[in-house]
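Here's the structure, in structure tokens; my notes come after.
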Amino acid sequence: MANNEQINSLVDMLAQRLNADSTQVRTALEKGKLDKVLQHMDQKQAQKISDILSDPEQSKKVLSTPQAQAIIKKLMG
């Protein structure tokens, strides 16, 4: 499991990428308000992420890719 520092870093990177305040992004994620985060993204990207997250099989596929595994490994130290 990722530690708080890694999670904070990831949230900060996401906020920067979305050109949003990291506190607002963190709060939205903690409250399960993914739609608040996605509204700052390109509509096609946001829909794709939403579709993947709502489908357990697609989520599993994405998380098992070498790219996702490399990111997870990096985050986990």
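The values are calculated or read from the model by the stated rules, or taken from the named source; none is laboratory data. Predicted, not measured: the structure shown is a model, and the values here were computed from it. We place every Cβ from the backbone using ideal geometry, glycine too, and count neighbours over all the protein chains shown. SASA here: full protein model, heavy atoms, side chains in, ligands and nucleic acids out. Shrake-Rupley method; radii C 1.70, N 1.55, O 1.52, S 1.80 Å.
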If you scan the stretch 35-48, which residues turn out to be open to solvent by less than 60 Å² (accessible area, probe 1.4 Å) and part of a helix (DSSP H, G or I)? VAL37, LEU38, ALA46
Close pairs from the stretch 45-71: first among the charged types (D, E, K, R), partner modelled with pLDDT of 80 or more and open to solvent by less than 100 Å² (accessible area, probe 1.4 Å), Cβ under 6 Å, at least 6 apart: none
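Assess whether SER22 counts as being among the hydroxyl-bearing types (Ser, Thr, Tyr), at pLDDT 80 or above and open to solvent by less than 90 Å² (accessible area, probe 1.4 Å). Write out each step before concluding.
Values: among the hydroxyl-bearing types (Ser, Thr, Tyr): yes; at pLDDT 80 or above: yes; open to solvent by less than 90 Å² (accessible area, probe 1.4 Å): yes.
Yes.
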Over the stretch 25-34, the set of residues among the basic types (Lys, Arg) and surrounded by 16 or more Cβ atoms within 10 Å (Cβ to Cβ) is ARG26
Out of all the residues in the stretch 1-19, which are open to solvent by 100 Å² or more (accessible area, probe 1.4 Å), part of a helix (DSSP H, G or I) and among the aliphatic types (A, V, I, L, M)? MET13
